[in-house]
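J.: Handing you a structure now.
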Amino acid sequence: MRGFFRFLLFLTSIGLVSAVCVAIYAFDYYSGEGPLTQPKTILFAHGKGFQAMSDELAEQGVIDKPLLFKAMAVALGEARQFKAGEYHFTEKMTPKSIVVMIANGRVVQHKITIPEGLTIREISKLLQSEPALEGDIPSGLADGSLLPETYQFTYGFKRADLIAEMQKSIQTTLTNLWPKRQSNLPFDTPQKALILASVVEKETGLTNERAHVASVFVNRLRKGMKLQSDPTVVYGMEQAMGAPLGRSLTSADLHTETPYNTYTIDGLPPAPICNPGKASIEAVLNPSDTEDLYFVATGHGGHNFASTLEQHNRNVAIYRERMAK
């Protein structure tokens, strides 16, 4: 009997040693470098489970021992946490890192930047061209209802949901900035500030000019002068045509009557002419302290400002001479 018990003890010790060896091998594999030779992005469709995702990882060359990969994920309680989505796998990524990433749903984050000053038509075109977004764009959107900035989203995010986020952002921005405005501005609602900001946005793209351009329009509103902004003429004509103007303005265009033409109407246009950014909204709420009533392009990207018509006419002559050359 003693010999029998010695034999059982021997077998048990062999089994323990084997188990320890297997465990060491498994953990070495789990923490060691994977077979991927270059980064790869994989989209796991919704509805795919742990088994199918693991098999696809093997097919795509992200892992090379699918049975051991599955066994480790199950043993460590991560298999039930696998989440479908789009994942980016780096070169030689370890099985452990792969399991942790998918179990925690660390999917690829896409970005889309909406430039300041675009119209709803232009923003819609931009969103439609983004292949990682899904669904239709809601109808009836108005210019000035979306805040241009950079937005993050995951693959399959709905365009309508991104639009809703942009709408919320513009309202939050107005709510936060309106109480910080200068006193005695010639407009009394956030919406009117948004309208003027859209005009400023289309007049200049220079950060250091926005508050100065805003001051010109604020000064004109205070004096009861027409704003005489060329972008409002363009917008009004494009609204009437339902398409981009596609050419430069003529002197006759300045007299074309539309609800937006600030050469023919008094005060602000009835609605924003684009989707202005935060900086332009800040500029009209806190314009520079100037007496300027005019500005004209320099021909080098900026503008020359003037407080009198005489000085403005000289600036215009300089601009035309420069353009002629």
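Nothing in this text is a laboratory measurement; each read-out follows from the coordinates by a stated rule. Predicted, not measured: the structure shown is a model, and the values here were computed from it. Note that each Cβ is placed from the backbone with ideal geometry, even for glycine, and that neighbours are counted across all protein chains shown.
J.: Answer rounded, prolate or oblate for the range 22-103, using the Cα gyration tensor with square roots of eigenvalues a ≥ b ≥ c: rounded when a/c is under 1.5, else prolate when a/b is larger than b/c, else oblate.
T.: It is oblate, given that a/c is not under 1.5 and a/b is not larger than b/c.
J.: What are the ³J(HN,Hα) couplings of the range 145-162, residue after residue, when phi is run through the Karplus curve with 6.51, -1.76, 1.60 and θ = phi - 60°? Round to Hz, x for glycine and proline.
T.: Taking θ as phi minus 60°, the curve returns 9, 10, 9, x, 5, 8, 10, 9, 7, 9, 4, x, 5, 6, 4, 5, 6, 5 Hz for the range 145-162.
J.: Given Cα pairs under 8 Å that are at least 6 residues apart, what percent is the relative contact order of the range 22-103?
T.: Relative contact order of the range 22-103: 46 percent.
J.: Which one of L133, L245, L285 has the biggest mean-square fluctuation once the chain is modelled by GNM with Cα springs under 10 Å?
T.: Per the Cα network of the chain with a 10 Å cutoff, L245 tops the list.
J.: Shifting gears a bit: Scan the chain and report its longest stretch carrying no GluC sites (Glu not before Pro) that are both in a DSSP loop and have at most 16 other Cβ atoms within 10 Å.
T.: 150-256
J.: Go ahead and set up a Gaussian network model of the chain, Cα springs under 10 Å, then flag whichever of H46, H303, H312 fluctuates most.
T.: For the chain, modelled as a Gaussian network with Cα springs under 10 Å, the answer is H46.
J.: Give me the aspartates and glutamates in straight-line cross-link reach of K223: C-alpha distance below 17 Å, same-chain residues under 8 apart excluded.
T.: D188, D266, D289, E291, D292
J.: Near the amide H of E86, under 5 Å away, which other amide H atoms are found, from residues 5 or more places off or on another chain, if H is placed in the peptide plane?
T.: For E86, whose amide H was placed from the backbone, the distant partners under 5 Å are F44, V108, Y155.
J.: Please give the net charge around Q38, taking every other residue with its beta carbon less than 12 angstrom from that of Q38, where Lys and Arg add +1 and Asp and Glu add -1.
T.: +1
J.: First check a/c for the range 140-291, with a ≥ b ≥ c the square roots of the eigenvalues of its C-alpha gyration tensor; if it is under 1.5, answer rounded, and if not, answer prolate when a/b is larger than b/c or oblate otherwise.
T.: oblate
J.: Now a separate question. If you plug each phi of the range 36-53 into the Karplus form 6.51 cos²θ - 1.76 cosθ + 1.60 with θ = phi - 60°, what whole-Hz ³J(HN,Hα) values come out, in order, with x for Gly and Pro?
T.: 5, 9, 8, x, 8, 10, 10, 9, 8, 5, 4, x, 6, x, 4, 4, 5, 5
J.: Under the rule a/c < 1.5 gives rounded, and otherwise a/b versus b/c splits prolate from oblate, where does the range 211-325 land using the Cα gyration tensor?
T.: In terms of gyration-tensor shape, oblate.
J.: Taking the Cα centre of the range 138-221 as origin, work out the dipole magnitude from +1 charges on Lys and Arg Cβ and -1 charges on Asp and Glu Cβ, in debye rounded to 20.
T.: 140 debye
J.: Distance between Cα centroids, the range 42-112 to the range 166-194: provide it in whole Å.
T.: 46 Å
J.: Is it possible to state the helix-based mean residue ellipticity at 222 nm for the chain, with each DSSP H run of 4+ residues giving -39500 (n - 2.57), the sum divided by total residues, to the nearest 500 deg cm²/dmol? What is it?
T.: Theoretical 222 nm ellipticity from helices: -15000 deg cm²/dmol.
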